[in-house]
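Undergrad: Below you will find the structure I want to go over with you.
The values are calculated or read from the model by the stated rules, or taken from the named source; none is laboratory data. Computed from a predicted structure; not experimentally measured. For neighbour counting, all protein chains shown are included, and Cβ atoms are generated from backbone atoms with ideal geometry for every residue, glycine included.
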2 protein chains.
Amino acid sequence: MPAPSKTSVDAIVDAGRHILEADGLDGLTLQAVAEAVGVRAPSLYKRIDGRGDLVRRISNEVAAELGATLEDAARTGDPHADLIAMAHAVRTFAHQHPRGYALLFAPLPEGWRVDPTLNAQLSATILRAAGEVAPRADALKAARTVVAWLNGFVSMEQAAAFRLSGDLDEAFDYGIDRILAGLEQQSD
Amino acid sequence: MPAPSKTSVDAIVDAGRHILEADGLDGLTLQAVAEAVGVRAPSLYKRIDGRGDLVRRISNEVAAELGATLEDAARTGDPHADLIAMAHAVRTFAHQHPRGYALLFAPLPEGWRVDPTLNAQLSATILRAAGEVAPRADALKAARTVVAWLNGFVSMEQAAAFRLSGDLDEAFDYGIDRILAGLEQQSD
DNA sequence: ACCTGAACACCGTTCAAGT
DNA sequence: ACCTGAACACCGTTCAAGT
């Protein structure tokens, strides 16, 4: 007599995302997830391959959403304007899903990390625009400069690492403006 | 009959740093630290206030070391050259103490975080140089741009988040060069 | 004064037993 | 086929008991 399913991978990952955002990675226990979806913790192993696998699945979902957000933001066709729009879109996304965003760049154990394919797709949109504001030969380096600054700014903002006062919105706008100016300037 | 001391705060924090670098934050258990210093786990509570307090003390030690490294790197007096030297010094430090460096910017629970005073001291050296390459009124925003990029670059490098190929040393030199160019350029 | 074993409330994970 | 309780090996933390 087969026992009827009480949950699903999707329900588990969704519950996991909510718990992650509410209680942080430490609060994301299999027992909490199990309770949220209405089973006992051991039953989760029928759908997922343990806690690391759950974290990886959550990261993948966040990365896919962030990728879609990025694509949406790059619509004018003007690479300078698109990069600014993408930067703001990423920052807004990070504000809406702080723990999920942090997961994408966290130094997690091997096998917990986001699917490299998703990460590459994420870079592609920025890479394209960066190759148009900077000399094409510098496209990858230019994209890395933008992404490093963007992720660094958002990460520090979330970790409350900007201790001194001062308007962070203004600092963000200043940063992307000055970086684009540097990339657009002809290097000798 | 008083029992003789078998360990000290310094020994505990030092052992903790070694275990952190070797096994990561998850591996930094009080049992592992206790074994390393030759006592049982409950005895640690005579010196430190639990695991969070240990993490905070380790962060503080790392921050102080990084601060000293930064000061050492800024010696030419030329702010442009000093900023480049500081950027390289931070990256080298992060390579030497990857888990400790990550701790400084990790989104840790309240009460685990590094002493704000140390964080501010850390920024001060960069802030001074940034205020000389950019207009003085933009000093704080300029410093934040450099620090965000620097921390973002190093964090992504450590999280293996730069998936595409390409020379990272070259990308690093390119990044600091272009950012300084942007900061030095007169904004209209 | 410091150290210890025992205990408690949690974890993740495995597995035999139920339906 | 899926779910469950029990069990195991770990955690952090508290505390009474030892010296």
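Undergrad: I'd like to check something: does segment B:76-87 contain any residue that is within 30 Å of A:Leu104 (Cβ to Cβ), more than 15 Å from DNA strand D (Cβ to nearest atom), out of contact with any Ser or Thr (no Cβ under 6 Å at 6 or more places or on another chain) and not hydrophobic (A, V, I, L, M, F, W, C)?
TA: The answer is no, given that none of the residues of segment B:76-87 is within 30 Å of A:Leu104 (Cβ to Cβ), more than 15 Å from DNA strand D (Cβ to nearest atom), out of contact with any Ser or Thr (no Cβ under 6 Å at 6 or more places or on another chain) and not hydrophobic (A, V, I, L, M, F, W, C).
Undergrad: Let me ask something additional. Mind checking which residues of segment A:171-188 are buried (at least 20 other Cβ atoms within 10 Å of the Cβ) and either within 7 Å of chain B (Cβ to nearest Cβ) or part of a loop (DSSP other than H, G, I, E, B) (or both)?
TA: Correct list: A:Ala171, A:Tyr174, A:Gly175, A:Arg178, A:Ile179, A:Ala181, A:Gly182, A:Leu183.
Undergrad: Still on this structure, please answer the following. Examine segment A:129-139 for a residue that is within 7 Å of chain B (Cβ to nearest Cβ), within 24 Å of the chain's Cα centre (by Cα) and part of a helix (DSSP H, G or I), and state whether such a residue exists.
TA: Within segment A:129-139, not a single residue is within 7 Å of chain B (Cβ to nearest Cβ), within 24 Å of the chain's Cα centre (by Cα) and part of a helix (DSSP H, G or I).
Undergrad: Right, next: Name the residues in segment A:11-35 that are within 12 Å of DNA strand C (Cβ to nearest atom) and more than 20 Å from the chain's Cα centre (by Cα), would you?
TA: Residues satisfying the conditions are A:Thr29, A:Leu30, A:Gln31, A:Ala32, A:Val33, A:Ala34, A:Glu35.
Undergrad: Hey, does segment A:50-69 have a residue that's loosely packed, with under 13 Cβ neighbours inside 10 Å, acidic (Asp, Glu) and within 16 Å of DNA strand C (Cβ to nearest atom)?
TA: Scanning segment A:50-69, I find no residue that is loosely packed, with under 13 Cβ neighbours inside 10 Å, acidic (Asp, Glu) and within 16 Å of DNA strand C (Cβ to nearest atom), so the answer is no.
Undergrad: Can you tell me which condition A:His80 does not meet? The list is (1) farther than 30 Å from A:Ile179 by Cα; (2) over 15 Å from the mean Cα position of the chain (by Cα); (3) of a type outside the set (Ser, Thr, Tyr), and all the others hold.
TA: (1)
Undergrad: May I pose another question? Quick one: which of A:Leu44, A:Leu54 is in contact with a Leu (Cβ under 7 Å, 6 or more places away or on another chain), at pLDDT 95 or above and either under 29 Å from A:Ala130 (Cα atoms) or not acidic (Asp, Glu) (or both)?
TA: Values: A:Leu54 fails: in contact with a Leu (Cβ under 7 Å, 6 or more places away or on another chain).
Testing whether each residue is in contact with a Leu (Cβ under 7 Å, 6 or more places away or on another chain), at pLDDT 95 or above and either under 29 Å from A:Ala130 (Cα atoms) or not acidic (Asp, Glu) (or both) leaves just A:Leu44.
Undergrad: Can we say B:Tyr45 is within 16 Å of DNA strand D (Cβ to nearest atom) and among the aromatic types (Phe, Trp, Tyr)?
TA: Here the answer is yes, as B:Tyr45 does meet what is asked.
Undergrad: Looking at segment A:12-42, which of its residues are surrounded by fewer than 16 Cβ atoms within 10 Å (Cβ to Cβ) and within 14 Å of DNA strand D (Cβ to nearest atom)?
TA: The answer is A:Asp26, A:Thr29, A:Gln31, A:Glu35, A:Gly38, A:Arg40, A:Ala41, A:Pro42.
Undergrad: Based on what the data block shows, is A:Ala142 assigned to a helix (DSSP H, G or I), more than 20 Å from the chain's Cα centre (by Cα), among the hydrophobic types (A, V, I, L, M, F, W, C) and farther than 19 Å from A:Phe93 by Cα?
TA: no
Undergrad: If you don't mind, there's one more thing I want to ask. When only residues in segment B:92-114 that are within 23 Å of B:Asp177 (Cα to Cα) and within 10 Å of the chain's Cα centre (by Cα) count, which is farthest from the other protein chains (Cβ to nearest Cβ)?
TA: Only one residue fits best here, namely B:Phe93.
Undergrad: List the pairs whose first member sits in segment A:113-141 and is without any contact (Cβ under 8 Å) to a residue 60 or more places away in the chain and under 17 Å from B:Glu170 (Cα atoms), whose second member is of a type outside the set (A, V, I, L, M) and not in a helix (DSSP H, G or I), and whose Cβ atoms are under 7 Å apart, counting only residues at least 6 apart or on separate chains?
TA: From segment A:113-141, the pairs are A:Leu140/B:Gly166.
Undergrad: Another question about this same structure. Out of all the residues in segment A:36-45, which are more than 9 Å from DNA strand C (Cβ to nearest atom) and over 26 Å from A:His95 (Cα atoms)?
TA: Matches in segment A:36-45: A:Val37, A:Gly38, A:Val39.
Undergrad: If you go through segment B:151-170, how many residues are touching a residue at least 12 places away in the same chain (Cβ under 8 Å) and facing chain A (nearest Cβ under 7 Å)?
TA: Number of matching residues: 4.
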